[in-house]
Every structure is written in C-alpha cells, then in structure tokens.
Amino acid sequence: MSIQAVETIVPVSGIRIEIVAEIPFARLRQAFEAEVPPIDEELFRRLVAEGAPWQRFARASGGAGVHSFGSFWRHDPSAVMRAGGADRMSVSYLIGDYATTARMFRHDPGTMLYSPLRIELHADRDGKSVLAVDQPSSLLSSFGNNKILQTGRELDRMLGDLIEELGLPRPSVLRR
C-alpha cells in the first residue's frame with residue numbers, strides 16, 4: 001500500500017537555558033514538585049465523561065504558583081543510569097497548562113511538539129543542581145504564526161515566574 005504524502009522540512013533553532021544552583025538536588029526536586037503538582041488524570045477523565053465546560057479543565061490543570069503549570073509526566077532515569085555506570089541524579093518533566101496550550105493548538109496542533117514544556121533537573125559533579133529547559137518562544141517561533149509566538153512569549157514569562165518561585169534568578173532571555 002502506498003500513501004500519498006507531502007514532506008515539509010522546517011529548521012528549528014532553540015535556546016536552551018541552564019541554571020546551575022548552589023542547592024542540593026533533592027531540595028531543588030522537592031521544591032519543584034511542590035510548585036508544579038501532578039495533573040490529576042482521573043479528574044480529567046471524569047470531566048470528559050461529564051462533558052464539563054472548558055473552564056473546569058483550565059482550572060484543574062493549573063499549578064500552585066503564579067505560573068499555573070502542572071506536571072503531566074515525570075521520568076527519573078537515575079537508577080537505570082546508575083546501573084550503566086553514571087552516578088548522578090536526574091529527573092525530567094513535561095509541564096504546562098491546558099488553557100495556554102489550547103490557544104496555540106487552535107492555530108496549529110503541531111505546537112504539541114513544544115507544549116507541554118520539557119524541563120530537566122540534575123545533580124552536577126560538584127554537589128550543585130542544574131535546571132535545564134528550552135525557551136518556549138524560541139521553539140514556537142518556527143511555526144511562523146504571530147498568535148503562537150505571542151503565546152510562546154507568555155510561556156516564557158510563566159517559566160521565568162516558576163524559576164523565581166523556586167528561588168532561582170530569572171534567566172536573562174526570560175526577562176523581556
């Protein structure tokens with residue numbers, strides 16, 4: 001079977017932000033998970049089954065802080081990496097909120113490549129912690145849509161707010 005298809009190649013250039021902090025990994029992770037709570041998937045299933053209005057989904061996906069992020073997914077590869085000879089701790093998350101994501105999705109469902117945001121924490125060799133994340137607007141600009149870019153800049157602001165809520169300095173690229 002042969003399916004007709006059209007290929008589009010879009011070069012994407014992003015800005016990765018890395019913050020090295022004088023804080024033990026376990027403390028940064030604990031603060032992050034308190035600030036960005038897990039999304040309650042069972043609640044979302046119930047809301048879908050009830051045919052709940054959009055506003056209930058948007059409220060249910062918000063996090064604890066001024067940024068409104070919740071965590072959709074968490075992956076801790078530390079034990080497996082330790083078995084492979086790497087002894088540092090690491091955890092990755094997908095974070096976001098449905099209200100912000102929906103505004104971009106309406107213009108192009110492909111924005112789901114970059115929202116929710118992927119964020120990673122790890123311990124460095126000196127006992128410090130590293131928070132790493134791609135600047136949302138730098139990736140979302142590849143869609144060539146001003147509404148999507150505006151929402152990407154809103155995500156930049158929200159990400160900066162989250163980083164400050166964790167007690168870390170707002171990165172320079174998130175100060176605009």
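Our summary of shape: the Cα atoms of region 46-110 have principal axis extents of 49, 27, 26 Å, ordered from largest down, in whole angstrom.
Taking 0.36 nm per residue of sequence separation and removing the Cα-Cα distance, the residue 16/residue 99 pair yields an extension gain of 27.5 nm.
Name the GluC sites (Glu not before Pro) in region 1-48 that are in a loop by DSSP and that have at most 10 other C-beta atoms within 10 Å, would you?
Working: sites: 7, 18, 22, 33, 35, 41, 42; in loops: 7, 22.
Of the GluC sites (Glu not before Pro), the ones in loops of region 1-48 whose Cβ has at most 10 other Cβ atoms within 10 Å are 7, 22.
Of all DSSP-defined beta bridges confined to region 16-174, some 95% are antiparallel rather than parallel.
State the answer as a single residue: which of 71, 150, 89 lies farthest towards the positive end of the charge dipole of region 16-174, with beta carbon charges of +1 for Lys and Arg and -1 for Asp and Glu, about the Cα centre. Checked the options; the winner is 150. Pop the C-beta distance of residue 26 and residue 175 into the FRET formula with R0 = 25 Å and round what comes out to the nearest 0.05. That gives a FRET efficiency of 0.30. Site pair residue 49 and residue 108 shows an inter-label distance of 3.7 nm when each label is modelled 7 Å from Cα along Cα→Cβ. The listed peptides 163-171, 47-55, ordered by packing as a protection proxy, come out as 163-171, 47-55 (highest mean of other Cβ atoms within 10 Å first).
Per residue, how big is the convex hull of region 1-118 when only Cα atoms are used? Give it in Å³. If you can, show how the numbers build up before the last one.
Working: hull volume 26.4 nm³, N = 118.
So the per-residue Cα hull volume is 224 Å³.
Spin-label model, residue 87 to residue 128: label points 7 Å out along the Cα-to-beta-carbon direction sit 2.1 nm apart. Taking other Cβ atoms within 10 Å as a rough exposure proxy, 134, 156 sort from fewest to most as 134, 156.
Just so you know, all these numbers are worked out from the coordinates, no wet-lab data involved. Just so we're clear, the structure is a prediction, and the values are computed from it rather than from any experiment. In this analysis, Cβ positions are derived from the backbone assuming ideal geometry, glycine residues included, and neighbour counts consider all displayed protein chains.
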